[in-house]
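Student: Sharing a structure here in C-alpha cells format.
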Amino acid sequence: MKKNLSKLYLALVMLFLYAPIFVLIVFSFNTTKSRSVLSGFTFDWYIKLFHNELILSSLWNTIIVAVIASIGATILGAVAAVGINGMKRLPKTIVMQGTNIPIMNPEIVTGVSLMLLFVFFMVRMNLEMGFVTLIIAHITFDVPYVILNVMPRFRQMDPNLYEAAQDLGCNGASAFFKVVLPEIMPGIISGFLMSFTFSLDDFVVSYFTSGTTQTLPITIYSMTRRKVSPEINALSTIIFLVVVAVLVINNIIERRNLRKRGVIK
C-alpha cells in the first residue's frame, strides 16, 4: 500500500512539473496560432524561428555570453575552491557561508546591485553597459555554483595523495596537475555545465546589466509583452531539449567517474 502511494505521489509531482512543458511542446507543432485548439501538425514555426533575425542574433549573444562566463566562472571557482580547501576550519566555514549568500540571494537584488555598481563605474569611465558588464554579471552569479560543485570532491579525496606525489618526486605544481586536478575534474565539469545552464536562461540579472545587448530571455520577454507567438513555443522547446541534453551528459560523466572509482557497478 505504501509503495503504491509513493508511486502515485511521484506520478502527481512529475505531472505537475512537466505537464505545462508537454503542452508547450505540443502547441509548438500546431498549424495555427491558437493557444487552446490543436488543428494539425507542422514544422512551420520552427522554420520561421530560424529565419527570425532578431531571435537568431539574441541567441548568438546568449551563447557567447554563456560560454565566456562559464569558462571564466569555472576557472575562478576552481581556483577559489583550491584556496578554500587549504584554509583552516573556522575561516573555511566563514568563507563557504559567504559564497553561499549569492545562491540564496534573490536574483532581483543581485541584478539591481550589479546595475548600480556598473553605473557607478561606467559614468566615471564614460562607458556604456553591454557585453562586458553582462559577462561580468554572469560570472558573478556562476562562481558560487562552481565552488559548490568542486568542494565536495576535495572532501572525497584522500588528503595524503598530494603529499605522497611530492614524496615520489613531483614538485608542487606537478603534483597538483597530475594528482589533485584529475580528482576534482568531475566537480569542475559539473560546475561548468551548471554555470552554462544558468547563464543560458538567466533573465533577471541580464535585464538589469545588459544595456543595449539583447539576450534570448530578454528578447522572449519583449515578444511576450506584445503577443505570444508559436515561434516562442518552438524556441522554448529547443531550449528545454538543450538543457535536458546538458543534464543527461552531466549525469553520464558522473556515473562513468563513479564506476571508475568503484563506487557503483
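The values are calculated or read from the model by the stated rules, or taken from the named source; none is laboratory data. Note that this is a predicted model, so its numbers are computed, not measured. Don't worry about glycine lacking a Cβ; one is built from the backbone with ideal geometry, like all the others, and counts go over all protein chains shown.
Student: Taking the residues in the range 43-68 that are in contact (Cβ under 8 Å) with a residue 24 or more places away in the chain and either among the charged types (D, E, K, R) or outside any helix (DSSP H, G or I) (or both) as candidates, determine which candidate is surrounded by the most Cβ atoms within 10 Å (Cβ to Cβ).
Tutor: Asn52
Student: Anything in the range 147-191 that is closer than 14 Å to Ala81 by Cα and charged (D, E, K, R)? List them, or say none.
Tutor: Across the range 147-191, the qualifying residues are Arg153, Arg155, Glu183.
Student: Let me ask something else about it. Quick one: how many residues across the range 184-205 are in contact with a helix residue (DSSP H, G or I) (Cβ under 6 Å, 6 or more places away or on another chain) and over 16 Å from Val246 (Cα atoms)?
Tutor: Residues in the range 184-205 being in contact with a helix residue (DSSP H, G or I) (Cβ under 6 Å, 6 or more places away or on another chain) and over 16 Å from Val246 (Cα atoms): 4 in total.
Student: If you take the residues in the range 26-42 that are part of a loop (DSSP other than H, G, I, E, B) and aliphatic (A, V, I, L, M), which one is nearest to Ile189 (Cα to Cα)?
Tutor: Leu38
Student: Let me ask something else about it. Could you check the range 132-183 and list, in sequence order, the residues that are outside any helix (DSSP H, G or I) and among the polar types (S, T, N, Q)?
Tutor: Asn160, Asn171
Student: Same structure, new question: For the range 24-42, enumerate the residues that are over 14 Å from Ile238 (Cα atoms) and either charged (D, E, K, R) or surrounded by 12 or more Cβ atoms within 10 Å (Cβ to Cβ) (or both).
Tutor: Asn30, Thr31, Thr32, Lys33, Arg35, Leu38, Thr42
Student: Could you run through the range 197-207 and say how many residues are surrounded by 23 or more Cβ atoms within 10 Å (Cβ to Cβ) and hydrophobic (A, V, I, L, M, F, W, C)?
Tutor: 2
Student: Kindly indicate which of Ile252, Ile220, Ile239 is assigned to a helix (DSSP H, G or I), more than 30 Å from Asn149 (Cα to Cα) and modelled with pLDDT of 80 or more.
Tutor: Ile220
Student: Report the residue count in the range 198-216 for those that are in contact (Cβ under 8 Å) with a residue 40 or more places away in the chain and more than 12 Å from Phe141 (Cα to Cα).
Tutor: Adding up the residues that qualify gives 12.
Student: Next up: Which residue pairs have Cβ atoms under 9 Å apart, sit 6 or more places apart or on different chains, and have a first residue in the range 217-245 that is closer than 19 Å to Ser206 by Cβ and a second that is at pLDDT below 80?
Tutor: Pairs that qualify, where the first residue is closer than 19 Å to Ser206 by Cβ and the partner is at pLDDT below 80, are Met223/Ser229; Ile232/Met223; Ile232/Thr224.
Student: OK, next. Cβ contacts < 8 Å: first residue under 20 Å from Val180 (Cβ atoms) and modelled with pLDDT under 85, restricted to the range 82-95; second residue of a type in the set (S, T, N, Q) and in a helix (DSSP H, G or I), any location; separation 6+ or different chain. Result?
Tutor: Lys92/Asn85
Student: Of all residues in the range 114-156, which are surrounded by 15 or more Cβ atoms within 10 Å (Cβ to Cβ) and of a type in the set (S, T, N, Q)?
Tutor: Passing the criteria: Thr133, Thr140, Asn149.
Student: If a residue must be in a helix (DSSP H, G or I) and surrounded by 11 or more Cβ atoms within 10 Å (Cβ to Cβ), how many such residues does the range 84-93 contain?
Tutor: Qualifying residue count for the region: 4.
Student: Yes or no: Pro106 under 28 Å from Phe192 (Cα atoms), exposed (fewer than 13 other Cβ atoms within 10 Å of the Cβ) and either in contact with a Gly (Cβ under 8 Å, 6 or more places away or on another chain) or without any contact (Cβ under 8 Å) to a residue 60 or more places away in the chain (or both)?
Tutor: When the stated conditions are applied, Pro106 passes them.
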